[in-house]
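Presented below is the structure to which this report refers.
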Amino acid sequence: MKKNYKKIPMPVRYAINFVLLLAFLLIVNALIENKVISRSNSIVVVSIGINIILAVSLNLATGYLGQLPLGHAGFMAVGAYSSAILVKNIGATWLTIPLGMVFGGLVAAIFGLIIGIPALRLKGDYLAIITLGFGEIIRVVLLNIDSVLGFKLTYGAASLKNIPKTTNFINTYIVVIITCFVIHTMMKSRHGRAILSIRENEIAAESCGIKTTYYKTLGFVVSAFFAGVAGSLLAGNLGLLNPQSFGFMKSIEILVMVVLGGMGSMAGSVISATVLTALPEVLRAFDTYRMVVYSLLLIIVMIFKPSGLMGKYDFSLSHLLEKLLNFKSSRGKKSEERGS
Amino acid sequence: MARRDIRAPFIPERDKDKTPILECVDLGIDFGGLTAVDDFNMTIGRTEIAGLIGPNGAGKTTVFNLLTRVYKPSRGKILLEGRDIESMNTIQVNKAGIARTFQNIRLFNELTVLENVLIGLHNEMNYNLLSAVLRMPHFWKDEKIAKNRALELLSLFGMEDLAGQKAGSLPYGAQRRLEIVRALATNPSLLLLDEPAAGMNPSETSELMENIRKVRDTFKIAILLIEHDMNLVMGICEGIVVLNYGKIIAKGTPEEVRNDPVVIEAYLGKKGDVPC
Ligand SMILES: Nc1ncnc2c1ncn2[C@@H]1O[C@H](COP(=O)(O)OP(=O)(O)OP(=O)(O)O)[C@@H](O)[C@H]1O
Ligand SMILES: [Mg+2]
């Protein structure tokens, strides 16, 4: 039975996924082009994408690495401001847009490194406290500083305005796919297993020769990087940045997405980021009570399914196909057996 | 029978002319006012199966924690193949050749059996993060070799069919075996087993005895084991050290230790396992 299990070979699997993802891109893009999805709704679609990147990257640090960072919005802010300032000053072209994203990600990653190295050397929950402080410091600093070295750059509480609106469905979608792909392939490698081993049992990981501090920092920095990239996309989506939108509640909002989806499940993060972003738009009244509903949802999930919507389960499109194929052939076999 | 000097090294004849894999010299550690281990002198030969026994709380696990640098000793030194491990941490000690299992099992419970062993093989692979993310040939090659190696190691303990199961869902005995396989995966020259037979039934235990011997013969490594099951200890250990209240009270072959009046008294003085 086990031996007969048909597996789709790797290259074919990648090809199938690629074709399916491309088809989805073209369909949704066509819907937007033909105004089936309205202009305002297409902005919602883009925010869904941004929140997916945020949730999937936070899931790396919480679900996979087992830490509890509470300042994801801080990394997002750092990425958003640095990429916005860069793109605003050098102008938006096909080259500077991705450059701005990478730049935003790198600046966030550097902040992640500076915070992560001291905090992650210690065992225990120091990271939660330090990242909580970091998020607030970033917000307060951005709120009160409007120029850097004499250059008027961040504009403090008055908001950073006139950022080129470079974010659209296509580039958001591509970045979402790249984020998921990078984190997925990383997790399915010796580096990812090292990260998981730390979550599972740090002492045992060390006794297996895993450089735990290095891998904790790696997981945390990659998570910060993608938060920064998401920030860059946000800047280009709104065209305006205000420090107040990167407060503690934003960090908690992302964390809720991860917890509801299931810590350690990328599919869960994607689904719950999608639902929780779309919901307030569908139910306008919901927006006022958003945090109340989030808390209630969280309590309900914690009572009935503490591991989150998807648990640690992850699915892939090609796996699904594989299952279907095998289901058919095993049914075929059973009837043969009955016949003999 | 004359008692053996408890400070003098004692290793099997065949390992005599090679540097011992492990030498502990006057090793000791205090926890606050409590001296958990003191004056600990032990030498283990390259291919020896050695035993560390003693009543509960004698300090056996503490010795393992000293050898793997989980604790820093208060006194004395540890030489691994003649090299002082003073400056190393737990991770470096593993790379230098010491692997261990834990008395209270520490598996990566949510991961599969195969993944547990692959984590042990982490340092046997050397592709970098970029080749992993881009799925370069180097990644596939290393992963394939590692997977085959993992299955080979699992099959030593008859566990290859369990490869896809979650480690945490295995029965107790299988979990203990998996810990040994994972430790072996790190390619040690000294394997430390902390009560490997705890919770096993007699038939599992005798199978384990065979497997420990097989591991030593296949990999030509040294094994130091802590065990309360005297049949197992007396059955496979060549040299035994007996610890009581943190100090060595006897050292020698199973024969010598079994009949040692000091050992018998240490064990009979409290309720617990009695040798034989
Ligand atoms: N981290 C620590 N801090 C304080 N005391 C400790 C610590 N680790 C061990 N001890 C003490 O050292 C002594 C030896 O403990 P150890 O665990 O080494 O015993 P053991 O021989 O392994 O016993 P058992 O057979 O029950 O496993 C005990 O009295 C224990 O309480
Ligand atoms: Mg012990």
Q.
Residues of the stretch B:134-148 losing 40 Å² or more of accessible surface, assembly versus chain alone, probe 1.4 Å, please list them.
A. B:ARG135, B:TRP140
Q.
Taking all protein chains in place and a 1.4 Å probe, what share, in percent, of the accessible surface of chain B do carbon and sulfur account for?
A. 51 percent
Q: Would you mind checking which residues have amide H under 5 Å from B:ALA250's amide H? H placed 1.01 Å from N; only 5 or more apart, or other chain.
A: B:VAL242
Q: Take A:ARG121, B:ARG149 and sort them by solvent-accessible surface of the protein heavy atoms, 1.4 Å probe, largest at the top.
A: A:ARG121, B:ARG149
Q: Take the Cα radius of gyration of chain B and divide it by 2.2 N^0.38 Å, with N its residue count; two decimals is plenty.
A: 1.03
Q. Of all the accessible heavy-atom surface of chain A, with the other protein chains kept in place and a 1.4 Å probe, what percent is carbon and sulfur?
A. 71 percent
**Q.** Heavy-atom accessible area order for A:MET249, A:MET291, largest first, 1.4 Å probe
**A.** A:MET249, A:MET291
**Q.** Residue order for B:SER87, A:SER83, A:SER47 - accessible surface, 1.4 angstrom probe, largest first
**A.** B:SER87, A:SER47, A:SER83
Q | Between the stretch B:1-54 and the stretch A:74-94, the alpha-carbon center distance in angstrom | A | 63 Å
Q: Return the distance in nm (one decimal) between the two label points of a simple spin-label model at B:LEU134 and A:LEU321, each offset 7 Å from Cα along Cα→Cβ.
A: 2.5 nm
**Q.** Vicinal HN-Hα couplings computed from phi for the stretch A:84-101 (Karplus, 6.51 cos²θ - 1.76 cosθ + 1.60; Hz; Gly/Pro x)
**A.** 4, 5, 4, 5, 4, 8, 9, x, 8, 10, 4, 8, 6, 5, x, 4, x, 5
Q. Using modelled backbone amide H atoms (1.01 Å from N, in-plane), which distant-in-sequence or interchain residues come within less than 5 Å of B:GLN165's amide H?
A. B:VAL113, B:LEU114
(Q) Can you report the principal axis dimensions of the protein assembly as shown using only the alpha carbons, biggest first, rounded to whole angstrom? (A) 97, 79, 45
Q) Which order, highest average first, do A:228-235, B:178-185 follow once you tally other Cβ atoms within 10 Å for each residue and take the mean per peptide? A) A:228-235, B:178-185
Q) What pairs from B:LYS16/B:LYS147; A:LYS211/B:LYS77; B:LYS16/B:LYS247; B:LYS95/B:LYS166; B:LYS72/B:LYS147 go past 30 Å between their alpha carbons? A) B:LYS16/B:LYS147; B:LYS72/B:LYS147
Q. Measuring from label point to label point, each 7 Å out along Cα→Cβ, what is the A:LEU31 to A:SER307 span in nm?
A. 3.2 nm
**Q.** Partner chain coverage, peptide A:209-220 - average Cβ within 10 angstrom
**A.** 3
Q. Looking only at other chains, what is the average number of their beta-carbon atoms within 10 angstrom of each beta-carbon in A:176-188?
A. 2
Q: Can you check what the Kirkwood hydrodynamic radius comes to for the stretch B:1-46, Cα pairs only, in Å to one decimal?
A: 12.2 Å
Q) Using the heavy atoms of the protein chains alone and a 1.4 angstrom probe, what is the accessible area of the protein assembly as shown per residue in square angstrom? A) 46 Å²
Q: Compute from the Cα atoms of chain A the Rg and the Dmax, the latter being the longest Cα-Cα distance, and quote both in angstrom.
A: 21.6, 87
**Q.** Span per principal axis, largest first, for the Cα atoms of the stretch B:45-93 (Å)
**A.** 31, 27, 20
Q: For the stretch B:52-198, just the Cα atoms, rotate onto the principal axes and tell me the three extents in Å, largest first.
A: 49, 35, 23
Q | Sum of -39500 (n - 2.57) over DSSP H runs of 4+, divided by residues of chain B (222 nm, nearest 500) | A | -10500 deg cm²/dmol
Q.
Using a 10 Å cut-off around each Cβ of peptide B:105-113, what is the average number of partner chain Cβ atoms that fall inside?
A. 4
Q: Output ³J(HN,Hα) for the stretch B:167-182: one whole-Hz value per residue in order, computed from phi by the Karplus curve 6.51 cos²θ - 1.76 cosθ + 1.60 with θ = phi - 60°, and x for Gly and Pro.
A: 4, x, 8, 6, x, 3, x, 5, 4, 5, 5, 4, 4, 5, 4, 4
**Q.** Distance in nm between pseudo-label sites at A:ARG121 and A:LYS165 (7 Å out along the Cβ direction from Cα)
**A.** 4.8 nm
Q. When the helix-only estimate is applied to chain A (DSSP H runs of n ≥ 4, each -39,500 (n - 2.57), divided by the residue count), what is the mean residue ellipticity at 222 nm, nearest 500 deg cm²/dmol?
A. -24000 deg cm²/dmol
Q) Accessible area of B:THR19, 1.4 Å probe, to the nearest 10 Å²? A) 70 Å²
Q: May I ask you to work out the translational diffusion coefficient for the stretch A:221-278 at 37 °C, viscosity 0.692 mPa s, via Stokes-Einstein with Rh from the Kirkwood sum over Cα pairs, reported in whole µm²/s?
A: 264 µm²/s
**Q.** Contact order relative to length of the stretch B:139-231, as percent, for alpha carbon pairs under 8 angstrom and 6 or more apart
**A.** 28 percent
Q) Stokes-Einstein at 10 °C, 1.306 mPa s, Kirkwood radius from Cα pairs: D for the stretch B:187-276 in µm² s⁻¹? A) 114 µm²/s
Q. What Kirkwood hydrodynamic radius, in Å, does the stretch B:98-155 give when the mean of 1/r is taken over all pairs of distinct Cα atoms and then inverted?
A. 12.6 Å
Q: Any chance you could tell me what percent of the C-alpha pair distances in the stretch B:161-204 go past 16 Å?
A: 42 percent
Q: Could you list which residues have their amide H under 5 Å from that of B:ILE85, counting only those 5 or more apart in sequence or on another chain, with H placed in the peptide plane?
A: B:ILE78, B:LEU80
Q. In Å² (nearest 100), what accessible area is buried between A and B, both sides summed, heavy protein atoms only, 1.4 Å probe?
A. 2700 Å²
Q | Cα Rg, Dmax (largest Cα-Cα span) when computed across the stretch A:230-315, Å | A | 13.9, 41
Q. Relative contact order for chain B using alpha-carbon pairs under 8 Å, separation at least 6, rounded to a whole percent?
A. 27 percent
Q: Could you tell me what fraction of 2.2 N^0.38 Å the Cα radius of gyration of the stretch A:48-150 comes to, as a two-decimal ratio?
A: 1.16
Q.
Report the per residue volume, in Å³, of the convex hull enclosing the C-alpha atoms of the stretch B:1-127.
A. 169 Å³
Q | Volume in Å³ per residue [convex hull over Cα atoms, computed for the stretch A:155-291] | A | 139 Å³
Q: Evaluate the Debye formula for the stretch A:150-213 with equal point scatterers sitting on the alpha carbons, no solvent, and hand back log10 of I(q)/I(0) at q = 0.17, 0.22, 0.23 Å⁻¹, in q order, two decimals.
A: -0.73, -0.88, -0.93
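The values are calculated or read from the model by the stated rules, or taken from the named source; none is laboratory data. Computed from a predicted structure; not experimentally measured. When we count neighbours, we look across all protein chains shown, and the Cβ atoms used for this are built from the backbone with ideal geometry, even at glycine. Note: areas computed on protein heavy atoms with side chains; ligands, DNA, RNA excluded. Shrake-Rupley method; radii C 1.70, N 1.55, O 1.52, S 1.80 Å.
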